[in-house]
Amino acid sequence: MMNPYLQSTDIIDWHQPNVRELAETLTVAGDQTETARRCFEWVRDQILHSRDHEQNPVTCRASDVLRHRTGYCYAKSHLLAALLRANQIPAGLCYQRLSVNERGGPYSLHGFNAIQLSNGSWYRVDPRGNRPGINALFTPPVERLAFPLQSSDEFEFENIFPTPLDCVVSVLQGCRTWQEVVTTLPDVAPEMFAARGLLVRARGEDQ
């Protein structure tokens, strides 16, 4: 049975020619870590974050993110997972629950990635795109994510998912413009964490 973190799926569709061709150009023969770094930096820097740059259309599938060169954090994480998997590097999806306005509710999920390095350990990276105040980097074993937890009401989930959460896919596939996504950002309420199988890490807990 194939490793689920290497599979091509409807959303992480690395079997598509445009994804495979780009993945090949980012490959460093014999060096998975450098290949992973190049894939991460390419998605971080070359795909415009939809809200930061007010870009349409709303994308979800990895191949569409690459075709249109734009996506929300979730979509960018789908493309990064696809590029890594095309290079036979196991990759999964991770989420935080963050304050939308950085001062309490409302809250929404934020999506990023975990990469299985050659030593077998998982390393989290955030390709959402840097801007003033955000400087996400690839510096294993030290993680440099985009957003630290800022209150006891914000959470990181310990889960590394092989496929995106349904609520994320539903929003991305149901919205036509970046403005629509802003008004319907995906979320999972705390009372639903256990039912969704979400393992929570709160601010101040060991990373």
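A Cβ-based charge dipole, computed about the Cα centre of the stretch 22-121 with Lys and Arg at +1 and Asp and Glu at -1, lands at about 240 debye. Between VAL28 and HIS53, the C-beta separation translates, for a Förster distance of 25 Å, into a calculated FRET efficiency of about 0.30.
The Cα-based radius of gyration and maximum Cα-Cα distance (Dmax) for the stretch 21-68 are 12.5, 39 Å.
How long is the gain from ARG69 to ASN130 if the chain were fully straight, where each residue apart is worth 0.36 nm and the alpha carbon distance is subtracted? Between ARG69 and ASN130, full extension yields 20.4 nm more. Packing here is the average count of other Cβ atoms within 10 Å per residue, and on that basis the peptides 109-116, 8-15, 132-139, 73-80, highest first, run 73-80, 109-116, 8-15, 132-139.
Remark: the chain carries 48 Å² of accessible area per residue (probe radius 1.4 Å; ligands, DNA and RNA excluded).
The residues packed around VAL43, meaning those with a beta-carbon under 12 Å from its beta-carbon, carry a net charge of +3 if Lys and Arg are +1 and Asp and Glu are -1. The label point for ASN3 and the one for SER152, both projected 7 Å from the Cα toward the Cβ, are 4.0 nm apart. For the stretch 60-207, what does the alpha-carbon gyration tensor say about shape, rounded, prolate or oblate, given a ≥ b ≥ c as the root eigenvalues, a/c under 1.5 as rounded, and a/b over b/c as prolate? Cα axes put the stretch 60-207 in the rounded bin. Count charges around VAL28 for me, please; just the other residues with Cβ under 12 Å from its Cβ, Lys/Arg as +1, Asp/Glu as -1. Net charge in that neighbourhood comes out at -1. Each peptide in 91-98, 178-185 gets a packing score, the mean of other Cβ atoms within 10 Å over its residues, and the list from highest to lowest is 91-98, 178-185. Extension gain, ASN159 to GLU180, is 4.8 nm, computed as 0.36 nm per intervening residue step minus the present C-alpha separation. Kindly identify the stretch 132-207 as rounded, prolate or oblate by the Cα gyration tensor criterion: order the square roots of the eigenvalues as a ≥ b ≥ c, call it rounded if a/c is under 1.5, otherwise compare a/b with b/c, prolate if a/b is larger, else oblate. Oblate.
Summing charges over all other residues whose Cβ lies under 12 Å from the Cβ of SER77, with Lys and Arg as +1 and Asp and Glu as -1, gives +3.
The values are calculated or read from the model by the stated rules, or taken from the named source; none is laboratory data. The model shown is predicted, which means the values in this text are computed figures rather than measured ones. Using ideal geometry, Cβ is built from the backbone for each residue, glycine included, and neighbour counts are taken over all protein chains shown. When the accessible area is computed, the model is the full protein with side chains, heavy atoms only, and any ligands, DNA or RNA have been set aside. Shrake-Rupley method; radii C 1.70, N 1.55, O 1.52, S 1.80 Å.
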